[in-house]
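A short worksheet on the structure shown next.
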Amino acid sequence: MEPPSCRPAARGPPGPGAELCPIKFSDVTGRLCVWLARRDWGGVGPPAKRAAASLRSRRARRSRGRAGHVGALRQLRVTWARPRCGAGTVGAGSGAFRSAGLRMRGGQGAARAPVLQFTNCRILRGGALLREDLWVRGGRVLDPEKLFFEERRVADEQRDCGGCILAPGFIDVQINGGFGVDFSQATEDVGSGVALVARRILSHGVTSFCPTLVTSPPEVYHKVLPQIPVKSGGPHGAGVLGEWLTPLPALLWEAPWGPVGSPSPIQVPNGGGRGGHEGPGWGVQGGGPAGTIPSPPPGVHLEGPFISREKRGAHPEAHLRSFEANAFQDVLATYGSLDNVRIVTLAPELGRSHEVIRALTALGICVSLGHSVADLGTAEEAVQSGATFITHLFNAMLPFHHRDPGIVGLLTSDQLPPGRHIFYGLIADGMHTNPAALRIAHRAHPKGLVLVTDAVPALGLGNGRHTLGQQEVEVNGLTAYVAGTKTLSGSIAPMDACVRHFLRATGCGVESALEAASLHPARLLGLEKHKGTLDFGADADFVVLDDSLHVRATYILGELVWQAEVARQ
């Protein structure tokens, strides 16, 4: 059904008998719906009267409850417009997104970015699926109450989501490659490989990720790390995860000095910090002095080489290392630079590891415990030194034992520093972790559970021989092994498949499964104000899902970057 036709009016209310588009106003709680169509416009009055009425305070409006909201809405100036004809559908199945040309002018409306309103959807917010509309402007989630009562505007464009779920975009903090790209291979053009993976994982709802390098010789780190581009996501693909990825234009739209192009005290730094990196599409560089816009710190995950030989898994033994006398200098000599590093996985039982953990966390790098034979006491000491994550729980570590549960025991430990939360990765691909183990972990510590794919370059390619760093991997069905062995070598399951399997295996509820792939990894990295959430002010990175949690569309910063219907054409 196409949007109803609308007849524009030059100024003021439409004349009698006009065929009008009804405009739906919903306050932020969803308790109020007022449909304005063929209304009695006698209460609006001339501009002077409207201006006087607008001086009523917001608090006074709220104190009058629904009547106050209705009275405030009656003061808004409405422009009736025809829908944008020929607008393409954007979304899923019979519930295709449709655009309607609805506008409301306020005092500052012309100086603002366009407002998108996603309707007929269920939004994951605050741990619940809410039947509310999602409002987006300038790449960020917008508070409609401020839009209505402070700016006196409604949406420039509406998109009907057909009853789908809108969840924060998935974040994968452990992905070794995919689609034939191996992040641990020192090729001449690492950046193009990262870009290919970033583009392909959009179809699986991933909007941010940490490219992961497995144990490699120092020369590989020295060559690969400087080539991994760090930038926000967009039509080109998912973003390489950083700590500050809100787009510069979105910040400027909200600034008191006006939109992009107006005089601004913002200085774009050109160096410093932990190194210069490409900003979110606008060339923001470096760290810069206080009072300037910071650059996004990088997002690479280094898994090894400082891990246990006994629990090395698919990591090549020849390139494993231990910490020497000058432990942190040994880390720098191995990796070459930490400018592109966000997570480091190490074994806490290695000598001088606690010195390294303290040094890494002082730089803002997340330390993860994994590929380890550490007992619980050693693991607790590592957390006290600053470690906050566990790499693929249950895999490549001592099994749980009732007298010494090992690293697994951190999930219920009472020896963690006050206020310190431990997070743990889980590979829910149906191969790495038994459903019973998934249920045990989730019920023991649900708030720390982070779904990861641990995907290898064979992701999306099918059976055959592939690589993972310095090793050869053989894929047979749904399993990847180190060639010639029965040692598991990463996963070939994409993130959306892991979410669905985790939901089935644990019976945890849709909300918990989705948060394990979005909010929890964002919290792990301290990004929960911008990523992994659809709270007001957050980046508008979200995935559109049907009831079976299959991806129908993916948005980054409020822009459609992948769509199921288009992909099938």
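Miscellaneous remarks
- Scanning the range 406-417 for residues that are of a type in the set (Ser, Thr, Tyr) and either free of Cβ contacts under 8 Å to residues at least 12 places away in the same chain or in a loop (DSSP other than H, G, I, E, B) (or both) turns up just one, Ser413.
- In summary, strands (runs of 3 or more DSSP E) completely within the range 116-217 and bearing 3 or more residues that are among the polar types (S, T, N, Q) occur at 206-213.
- Of all residues making up the range 438-474, the number that are within 23 Å of the chain's Cα centre (by Cα) and among the basic types (Lys, Arg): 1
- Just one of the listed residues (Leu213, Leu202, Leu248) is modelled with pLDDT of 50 or more and closer than 28 Å to Phe536 by Cα, namely Leu202.
- Condition met for Glu565 (at negative phi and out of contact with any Lys or Arg (no Cβ under 9 Å at 6 or more places or on another chain)): no
- Residue in the range 168-181 that is β-branched (Val, Ile, Thr), under 16 Å from Phe542 (Cα atoms) and within 23 Å of the chain's Cα centre (by Cα) present: yes
- Among the residues of the range 528-560, just one is touching a residue at least 40 places away in the same chain (Cβ under 8 Å), surrounded by fewer than 24 Cβ atoms within 10 Å (Cβ to Cβ) and under 23 Å from Ile365 (Cβ atoms), namely His530.
- Pair list, Cβ under 9 Å, 6 or more apart: the range 353-365 residue in contact (Cβ under 8 Å) with a residue 40 or more places away in the chain, other residue of a type in the set (Lys, Arg) and open to solvent by 40 Å² or more (accessible area, probe 1.4 Å): Leu363/Arg274; Gly364/Arg274
- Residue in the range 384-405 that is β-branched (Val, Ile, Thr), without any contact (Cβ under 8 Å) to a residue 60 or more places away in the chain, open to solvent by less than 10 Å² (accessible area, probe 1.4 Å) and over 16 Å from Leu524 (Cβ atoms) present: no
- Considering residues of the range 418-437 that are over 23 Å from the mean Cα position of the chain (by Cα) and assigned to a loop (DSSP other than H, G, I, E, B) only, the residue modelled with the lowest pLDDT: Gly419
- Residue within the range 415-432 that is surrounded by fewer than 18 Cβ atoms within 10 Å (Cβ to Cβ), in contact with a Ser or Thr (Cβ under 8 Å, 6 or more places away or on another chain) and over 16 Å from Leu451 (Cα atoms) present: yes
- Any hit, the range 535-547, residues being in contact with a Phe, Trp or Tyr (Cβ under 9 Å, 6 or more places away or on another chain), within 17 Å of His301 (Cβ to Cβ) and at pLDDT 95 or above: no
- Single condition Thr506 does not satisfy, out of (1) within 21 Å of the chain's Cα centre (by Cα); (2) at pLDDT 95 or above: (1)
Residues checked against (1) open to solvent by less than 20 Å² (accessible area, probe 1.4 Å); (2) outside any loop (DSSP other than H, G, I, E, B); (3) touching a Phe, Trp or Tyr at 6+ places or on another chain (Cβ under 9 Å); (4) not small (Gly, Ala, Ser):
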residue: Pro457; (1), (2), (3), (4): yes, no, yes, yes
residue: Arg465; (1), (2), (3), (4): no, yes, no, yes
residue: Glu472; (1), (2), (3), (4): no, yes, no, yes
residue: Pro521; (1), (2), (3), (4): yes, yes, yes, yes
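- Looking across Arg552, Arg465, Arg500, one residue alone is among the charged types (D, E, K, R) and farther than 27 Å from Asp182 by Cα. It is Arg552.
- Residues (within 14 Å of the chain's Cα centre (by Cα), small (Gly, Ala, Ser) and more than 11 Å from Ala167 (Cα to Cα)) located in the range 538-563: Ala538, Gly558
- Counting only helices (runs of 4 or more DSSP H) that sit wholly inside the range 309-400, not one has at least 1 residues that are within 21 Å of Thr485 (Cβ to Cβ).
- Count - residues of the range 476-513 that are in contact with a Phe, Trp or Tyr (Cβ under 8 Å, 6 or more places away or on another chain), buried (at least 17 other Cβ atoms within 10 Å of the Cβ) and outside any strand (DSSP E or B): 6
Residues checked against (1) small (Gly, Ala, Ser); (2) over 27 Å from Ser208 (Cβ atoms); (3) open to solvent by less than 10 Å² (accessible area, probe 1.4 Å); (4) at pLDDT below 50:
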residue	(1), (2), (3), (4)
Gly68	yes, yes, yes, yes
Val115	no, no, yes, no
Glu132	no, no, no, no
Gly138	yes, no, no, no
Leu142	no, no, no, no
Pro168	no, no, yes, no
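- Test for Gly281: is it crowded, with 19+ Cβ neighbours inside 10 Å, modelled with pLDDT under 95 and either over 26 Å from the mean Cα position of the chain (by Cα) or within 20 Å of Phe209 (Cβ to Cβ) (or both): no
- Which listed residue, of Glu474, Glu565, is among the acidic types (Asp, Glu) and within 20 Å of His432 (Cβ to Cβ): Glu474
- For the range 309-365, filtering for residues that are under 17 Å from Cys210 (Cα atoms), in contact with a Leu (Cβ under 7 Å, 6 or more places away or on another chain) and open to solvent by 10 Å² or more (accessible area, probe 1.4 Å) leaves 4.
The values are calculated or read from the model by the stated rules, or taken from the named source; none is laboratory data. For clarity, every value in this text was computed on a predicted model and none was experimentally measured. FYI the Cβ positions are ideal-geometry reconstructions off the backbone, even for glycines, and counts take in every protein chain you see. To get the accessible areas, we keep the full protein, side chains included, count just its heavy atoms, and leave off ligands, DNA and RNA. Shrake-Rupley method; radii C 1.70, N 1.55, O 1.52, S 1.80 Å.
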